[in-house]
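Visitor: Quick one: the structure is below, and I'll ask about it shortly.
The values are calculated or read from the model by the stated rules, or taken from the named source; none is laboratory data. Everything quoted here is computed from the prediction, not taken from an experiment. Note that each Cβ is placed from the backbone with ideal geometry, even for glycine, and that neighbours are counted across all protein chains shown. Keep in mind that these areas ignore ligands, DNA and RNA; they rest on the heavy atoms of the full protein, side chains included. Shrake-Rupley method; radii C 1.70, N 1.55, O 1.52, S 1.80 Å.
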Amino acid sequence: MSITIFSLIILLFSTVLHEVAHGSMALRLGDNTAKFSGRLTLNPLKHIDPFGTIILPALLVLMRSPFVIGWAKPVPVNPYNLRDQKWGMLKVSLAGPLSNLLVALIFGLLIRFVALPEITSTLFGLIVIYNFAWALFNLLPIPPFDGSHILFSFLSPRFNNLKIFLHKYGLYILLALLFLGVIDYIFQAAAFLYYLIAGY
């Protein structure tokens, strides 16, 4: 149970860091919407999404899923305020997953090169796996995840119907993927990255 609680705490703060990274990049590029909305804070109460932060993780715990996933409320970004109109949203979208990859890399290298107590190594390992998993999960090309913004940055206007379709049915597609076990595959990939970085 303690591991489950710690996993939920890791998930919460990983998603918060992720959203703050989006807002910080947007601010750096000229959009202060997230700042004025009070979202450039690590206070988790400012980032709670009823379904992604509470309902979905709780359901997964109640279903005794070996893995728990979720998301925070997306930070508001006004793309028209960005100085880089061509690639600004791509940079903002990449900032979130990259922040989680950086956290995973730092803690993974600590596990690999520092003699840590077993319990510390275990907890750091959870931080590594969950941050890798969260980054990969967010790269799914389904709105509102970052992968969709990254995809849309490269699509020409002739694919507008695809964008509309994904925006309209994205949640249903996500639920179908969850039912088909996409979380298992994501955590398998995260575990592979963990062994690659941490060494065991």
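Visitor: Using 1/(1 + (r/R0)^6) with R0 = 35 angstrom and r between the beta carbons of Leu196 and Ile9, what's the FRET efficiency to the nearest 0.05?
Guide: Between Leu196 and Ile9 the formula returns 0.90.
Visitor: List the trypsin sites (Lys or Arg not before Pro) within the range 17-79 that fall in a DSSP loop (any state other than H, G, I, E or B) and whose Cβ has at most 15 other Cβ atoms within 10 Å.
Guide: Here the trypsin sites (Lys or Arg not before Pro) that fit, given the DSSP loop and packing criteria, are Arg64.
Visitor: Right, here's the next one. What percent do you get for the relative contact order of the range 1-108 when only Cα pairs under 8 Å and 6+ apart count?
Guide: 37
Visitor: Rounded to whole Hz and in sequence order, give me ³J(HN,Hα) for the range 118-135 from the Karplus expression 6.51 cos²θ - 1.76 cosθ + 1.60, θ = phi - 60°, writing x for Gly and Pro.
Guide: Couplings: 4, 5, 5, 4, 5, 5, 4, x, 5, 4, 4, 5, 5, 6, 4, 4, 5, 5 Hz.
Visitor: All other residues with a Cβ under 15 Å from the Cβ of Arg83 taken together, and with Lys, Arg as +1 and Asp, Glu as -1, what is their net charge?
Guide: With Lys, Arg at +1 and Asp, Glu at -1, the neighbours total +1.
Visitor: Check each of the chymotrypsin sites (Phe, Trp or Tyr not before Pro) in the range 78-145 and keep only those in coil by DSSP with at most 16 other C-beta atoms within 10 angstrom; list them in order.
Guide: Qualifying residues, ordered by number: Trp87.
Visitor: While we're here: If I build a Gaussian network model for the chain, linking alpha-carbon pairs within less than 10 angstrom, which residue out of Ile111, Ile164, Ile129 has the largest mean-square fluctuation?
Guide: Ile164
Visitor: Which value, in Å², gives the accessible area per residue of the range 36-100 when a 1.4 Å probe is used on the protein heavy atoms?
Guide: 58
Visitor: Nearest 0.05, what FRET efficiency do Asn160 and Ser65 give at R0 = 41 Å with Cβ-Cβ as r?
Guide: The pair Asn160/Ser65 has a calculated efficiency of 0.65.
Visitor: Can you work out the Karplus-derived ³J(HN,Hα) for every residue in the range 180-189? Use 6.51 cos²θ - 1.76 cosθ + 1.60 with θ = phi - 60°, whole Hz, and x for glycine or proline.
Guide: Ordered by residue, 3J(HN,Hα) equals 7, x, 4, 4, 4, 5, 5, 6, 5, 5 Hz.
Visitor: Let me ask something else. Rg and Dmax in Å for the range 42-135, alpha carbons only: what are they?
Guide: When restricted to Cα atoms, the range 42-135 yields Rg and Dmax of 16.6, 49 Å.
Visitor: For the chain, with a Gaussian network of springs between Cα atoms less than 10 Å apart, report the residue from Leu59, Leu110, Leu101 with the top mean-square fluctuation.
Guide: Residue with maximal mean-square fluctuation among Leu59, Leu110, Leu101: Leu59.
Visitor: Let me ask something else. Only Cα pairs under 8 Å and at least 6 apart count here; give the relative contact order of the chain as a rounded whole percent.
Guide: Across the chain, relative contact order equals 23 percent.
Visitor: Further question: Expressed as a whole percentage, what fraction of the accessible surface of the chain belongs to carbon and sulfur atoms when a 1.4 Å probe is rolled over the protein heavy atoms?
Guide: In the chain, the share of accessible area belonging to carbon and sulfur is 70 percent.
Visitor: Something else now. For the range 1-46, what log10 I(q)/I(0) values come out of the Debye formula at q = 0.28 1/Å, with one point per alpha carbon and no solvent?
Guide: -0.93
Visitor: What relative contact order, as a whole-number percentage, does the range 106-180 give when Cα pairs under 8 Å and 6 or more residues apart are counted?
Guide: 21
Visitor: A follow-up question, please. Report ³J(HN,Hα) in whole Hz for each residue of the range 159-164, in order, from the Karplus equation J = 6.51 cos²θ - 1.76 cosθ + 1.60 where θ = phi - 60°; Gly and Pro get x.
Guide: Working through the residues one at a time gives 9, 4, 5, 5, 4, 4 Hz.
Visitor: Per DSSP H run of n ≥ 4, the term is -39500 (n - 2.57); total these for the chain, divide by its residue number, and report the mean residue ellipticity at 222 nm rounded to 500 deg cm²/dmol.
Guide: Helix contribution divided over all residues of the chain: -22000 deg cm²/dmol.
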